[in-house]
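The values are calculated or read from the model by the stated rules, or taken from the named source; none is laboratory data. Quantities reported herein were computed from a predicted structural model and do not represent experimental measurements. Cβ placement follows ideal geometry from the backbone for every residue including glycine, while neighbour counts extend to all protein chains displayed.
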Amino acid sequence: MSSKRSIAFIGVGRMGANMARRLKSQGFEITAVYDSCRKTAGDLAAEIGASAPGTLAGITASADTIITVVTDDAAQIGLFAETGDSLLAGASGKTFINCATVSPAVNREIEARCERAGARSLEACMAASIPQALDGTLYLICGGKREIFDSVQDVLLPLSDEGKLLRYVGPSGQGAQVKALVNMVMNINTAGLAEGLGLAASLGLDLKTVAEVFSQTGANSRVLATDSEDMVNRDHTCFFSAAHAAKDSGIALALAREQRLNLPLAAAAKAQYDRLVAAGLGELDKSSISELTFPGRSNAPDQAAM
């Protein structure tokens, strides 16, 4: 396909870079990329034939659609600062697609700031990992004004298996709410799997057999397929970090407090991921939670074993 839409990316780490590569391969013009690590942005720019402006305002000036893929609330709101260097500078007529997993309140605030600047914004929260970003099979959970969602279908479809994995869930903030719930349940399942396999190992059971039984019974879950072998082999190459698991569980728990709900399983899972972060292991994959449950592991992965 070809497209007259020009696209820029903010945040070109593992996910953002592969999304940029995907859209480039689908005929889109990727005009510019930006990252807090200038070398990361420069390397990707050279690879895909884009520029790497040194300012956020330069990114806004370079494209009519800007996709943001950053780490947390502070990073996301900082992109849309109301003073100083900001994506809002010269933003009138621009469209921002915000793919970070951040709190609903931040997404609503960004929508309001964009509207005051004459721009448009949509949240498109990603429920997938690095390979899916590259092959265009991201699960995208979108919130914002329906007309904006409809207007950027040309960008969203090639990222979400031509729309098979694309969901519009409601006004701004609701995409972030649904994504927080997805990751909350995923993190609980991952913690439960780590405890089940850890206890199985302590009992001297064959872990391959146990995992197979899990897959054929009520113990089955998606994380069984993605994480069980890594837990057993202590291979915690990062696809979704323990630090992100802790952050996203925290977003869900904040929503629960607002609703006066007690979620003890979500709180317990977050506490485990917080332990990994406190030990300086937050950049390992979420499968590293198994280091806290398997017998004979001293609550810290043997880096040489990975």
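A quick yes/no check of all residues on (1) crowded, with 21+ Cβ neighbours inside 10 Å; (2) touching a residue at least 60 places away in the same chain (Cβ under 8 Å); (3) of a type in the set (D, E, K, R); (4) not in a helix (DSSP H, G or I):
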{"site": "LYS208", "(1), (2), (3), (4)": "no, no, yes, no"}
{"site": "ASN220", "(1), (2), (3), (4)": "no, no, no, yes"}
{"site": "VAL223", "(1), (2), (3), (4)": "yes, no, no, no"}
{"site": "GLU229", "(1), (2), (3), (4)": "no, no, yes, no"}
{"site": "VAL232", "(1), (2), (3), (4)": "no, no, no, no"}
{"site": "ALA245", "(1), (2), (3), (4)": "yes, yes, no, no"}
{"site": "ASP248", "(1), (2), (3), (4)": "yes, yes, yes, no"}
{"site": "ASP274", "(1), (2), (3), (4)": "no, no, yes, no"}
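For the stretch 278-287, state whether one or more residues are touching a strand residue (DSSP E or B) at 6+ places or on another chain (Cβ under 6 Å) and among the charged types (D, E, K, R).
Within the stretch 278-287 (the criterion being touching a strand residue (DSSP E or B) at 6+ places or on another chain (Cβ under 6 Å) and among the charged types (D, E, K, R)), the answer is yes, since at least one residue qualifies.
To keep it simple, each residue is scored yes or no on (1) in the same structural domain as ILE10 (by TED's automatic domain parsing); (2) on the phi < 0 side of the Ramachandran plot; (3) over 23 Å from the mean Cα position of the chain (by Cα); (4) hydroxyl-bearing (Ser, Thr, Tyr).
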position	(1), (2), (3), (4)
TYR34	yes, yes, no, yes
ALA52	yes, yes, no, no
ALA61	yes, yes, yes, no
THR65	yes, yes, no, yes
PHE80	yes, yes, no, no
ALA89	yes, yes, yes, no
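What residue, of GLU195, GLU212, GLU115, is outside the structural domain of THR237 (by TED's automatic domain parsing) and modelled with pLDDT of 95 or more? Outline the logic, then answer.
Details: GLU195 fails: outside the structural domain of THR237 (by TED's automatic domain parsing); GLU212 fails: outside the structural domain of THR237 (by TED's automatic domain parsing).
Just a single option satisfies the conditions, and that option is GLU115.
Quick one: in the stretch 138-190, of everything that is basic (Lys, Arg) and within 18 Å of the chain's Cα centre (by Cα), which residue is nearest to ALA242 (Cα to Cα)?
Step one: list which residues in the stretch 138-190 are basic (Lys, Arg), which gives 145-146, 164, 167, 179.
From what's left, within 18 Å of the chain's Cα centre (by Cα): 167, 179.
Details: ARG167: 26, LYS179: 17 Å.
Going through the qualifying residues, I end up with LYS179.
Identify, from the list THR95, THR31, the residue that is closer than 23 Å to TYR139 by Cβ and among the polar types (S, T, N, Q).
THR95
Please tell me if LYS39 is more than 27 Å from ILE148 (Cα to Cα) and within 24 Å of the chain's Cα centre (by Cα).
Yes.
Can you pull out every residue in the stretch 181-231 that is farther than 26 Å from ALA128 by Cβ and of a type in the set (Gly, Ala, Ser)?
Correct list: GLY198, ALA200, ALA201, SER202, GLY204.
Quick one: how many residues across the stretch 71-93 are surrounded by 22 or more Cβ atoms within 10 Å (Cβ to Cβ) and either part of a loop (DSSP other than H, G, I, E, B) or touching a Gly at 6+ places or on another chain (Cβ under 7 Å) (or both)?
Within the stretch 71-93, residues that are surrounded by 22 or more Cβ atoms within 10 Å (Cβ to Cβ) and either part of a loop (DSSP other than H, G, I, E, B) or touching a Gly at 6+ places or on another chain (Cβ under 7 Å) (or both) number 4.
Of the numbered conditions (1) under 30 Å from LEU276 (Cβ atoms); (2) of a type in the set (D, E, K, R); (3) not in a helix (DSSP H, G or I), GLU195 fails exactly one; give the number of that condition.
(3)
I'm checking my understanding of the structure. Among residues of the stretch 94-112 that are buried (at least 24 other Cβ atoms within 10 Å of the Cβ) and in a helix (DSSP H, G or I), which one is nearest to the chain's Cα centre (by Cα)?
ASN107
Can we say SER3 is under 24 Å from ASP161 (Cβ atoms), outside any helix (DSSP H, G or I) and modelled with pLDDT under 95?
Against the criterion (under 24 Å from ASP161 (Cβ atoms), outside any helix (DSSP H, G or I) and modelled with pLDDT under 95), SER3 qualifies.
Would it be correct to say that SER151 is farther than 24 Å from ARG222 by Cβ and either touching a Pro at 6+ places or on another chain (Cβ under 9 Å) or in the same structural domain as ASN220 (by TED's automatic domain parsing) (or both)?
No.
Filter the stretch 113-143 for residues that are part of a helix (DSSP H, G or I) and in contact with a strand residue (DSSP E or B) (Cβ under 9 Å, 6 or more places away or on another chain); which is surrounded by the most Cβ atoms within 10 Å (Cβ to Cβ)?
Looking at the filtered set, the residue picked out is CYS114.
Report the residue count in the stretch 46-68 for those that are closer than 23 Å to MET126 by Cα and of a type in the set (Gly, Ala, Ser).
Total satisfying the criteria: 1.
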